[in-house]
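Note sheet for the following structure.
The values are calculated or read from the model by the stated rules, or taken from the named source; none is laboratory data. Being a predicted model, the structure only gives us computed values, none of them experimental. Heads up, the Cβs are rebuilt from the backbone with ideal geometry, glycines too, and the neighbour counts pull from every protein chain shown. Heavy atoms of the whole protein, side chains included, go into the accessibility calculation; ligands, DNA and RNA do not. Shrake-Rupley method; radii C 1.70, N 1.55, O 1.52, S 1.80 Å.
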Amino acid sequence: MTHFIKIMMLIIKLMDAALRLFNKAITLLHIRPIVVLVIRALTRVILTAFHLIYNRMTVRGHHHIPKKGGVLLAANHQSYLDPTLVGLSVWRKVIFISKKENHETPILGPLIELGDSHPINRSGDNDALDFFSDLLKQGHLVV
């Protein structure tokens, strides 16, 4: 069993390194916005179909979300699925706030960065608050 665990840990480390390298590469090549747009579109189609069929997802009240202008959407975070479901339920581009620890988690960290999630230090982070405040002033939807 320990041999299997060592192999799995190696695979996780390699996948994490590859995803982090991919993030750096698309940023350095200045193609991040188009790559993120394509990934968002593909994931939206696949995950929406999955949640509609498997979880029987329904969306209510989305008409209350303004179509433009800064919006802070505070989700009742009861499950690890909540950020994904909120992102699928809103038709505007969504920018997520995520605790810094999520960005340091293997595989999850680089994936949520691709999903336009930005870290915040939960013990106090005035720079991040200023950053998100600026995004709201620019008319973004922040979750």
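Within 13 Å, Cβ to Cβ, of V36, how many net charges do the neighbouring residues add up to if Lys/Arg are +1 and Asp/Glu are -1? Combined, the nearby Lys, Arg, Asp and Glu give +2. Loop sites by DSSP among the trypsin sites (Lys or Arg not before Pro) of the chain, restricted to those with at most 12 other Cβ atoms within 10 angstrom, leave 1-55 as the longest stretch without any of them. Measuring against 23 Å, Cα to Cα, the residue pairs K68/K99; K13/K93; K6/K99; K68/K137; K67/K137; K6/K100 contain K68/K99; K13/K93; K6/K99; K6/K100 as the ones spanning a longer distance. Sequentially through the range 119-128, phi angles give Karplus couplings (6.51, -1.76, 1.60; θ = phi - 60°) of x, 9, 7, 5, 7, x, 8, 4, 4, 5 Hz, Gly and Pro residues having no value and appearing as x.
Subtracting the Cα-Cα distance of L10 and Q78 from their residue separation scaled by 0.36 nm leaves 21.3 nm.
Look at the dipole of the range 29-143 built from charges on Cβ: of H30, G115, A41, the Cα furthest out on the positive end belongs to A41. Spin-label pair H3-V38: with each label point 7 Å from Cα along the Cα-Cβ axis, the two points sit 4.0 nm from one another. Taking amide H positions as modeled 1.01 Å from N, with prolines and chain starts lacking one, the residues under 5 Å from L141 and 5 or more places away or on another chain are V71, I95.
Would you please give the FRET efficiency between I107 and L29, computed as 1/(1 + (r/R0)^6) with r the Cβ-Cβ distance and R0 = 25 Å, to the nearest 0.05?
Calculated value: 0.65.
Accessible area of I7 (1.4 Å probe, protein heavy atoms only, ligands and nucleic acids ignored): about 80 Å².
Efficiency by 1/(1 + (r/R0)^6): what FRET value for A49 and S123, r their Cβ-Cβ distance, R0 = 25 Å, to the nearest 0.05?
Working: r = 39 Å, r/R0 = 1.57.
The computed FRET efficiency comes out at 0.05.
Computed from Cα positions, the angle between helix 2-28 and the longest principal axis of the chain comes to roughly 50 degrees. Shown here: mean projected area of the Cα convex hull in nm², derived from the displayed model; of the candidates [x] 11.0; [y] 8.9; [z] 10.0, it corresponds to [x]. For the pair K93 and M57 in one chain, pulling the backbone fully straight at 0.36 nm per residue adds 11.0 nm over the alpha carbon distance.
A 1.4 Å probe, protein heavy atoms only, puts the accessible area of D116 near 30 Å².
Against the criterion of solvent-accessible heavy-atom surface with a 1.4 angstrom probe, E113, E104 sort, most first, into E104, E113. Between L136 and A18, the FRET efficiency estimated from the beta carbon spacing at R0 = 30 angstrom works out to 0.35. Once all protein chains are placed together, S79 keeps about 40 Å² accessible to a 1.4 angstrom probe.
For the range 56-111, what class follows from the C-alpha gyration tensor (a ≥ b ≥ c being the square roots of its eigenvalues): rounded when a/c is under 1.5, otherwise prolate if a/b is larger than b/c, else oblate?
It comes out prolate by the Cα gyration axes.
Each part gets one Cα centre, and for the range 1-63 versus the range 94-140 those centres are 16 Å apart.
Rounded to the nearest 500, what is the 222 nm mean residue ellipticity of the chain from helices alone, with -39500 (n - 2.57) per DSSP H run of 4+ residues and division by all residues?
Rounded to the nearest 500, it is -18500 deg cm²/dmol.
Of the accessible area of the chain, computed with a 1.4 Å probe over protein heavy atoms only, carbon and sulfur atoms account for 67 percent. Across the chain, C-alpha contacts under 8 Å between residues 6 or more apart give a mean separation that, scaled by the residue count, equals a relative contact order of 30 percent.
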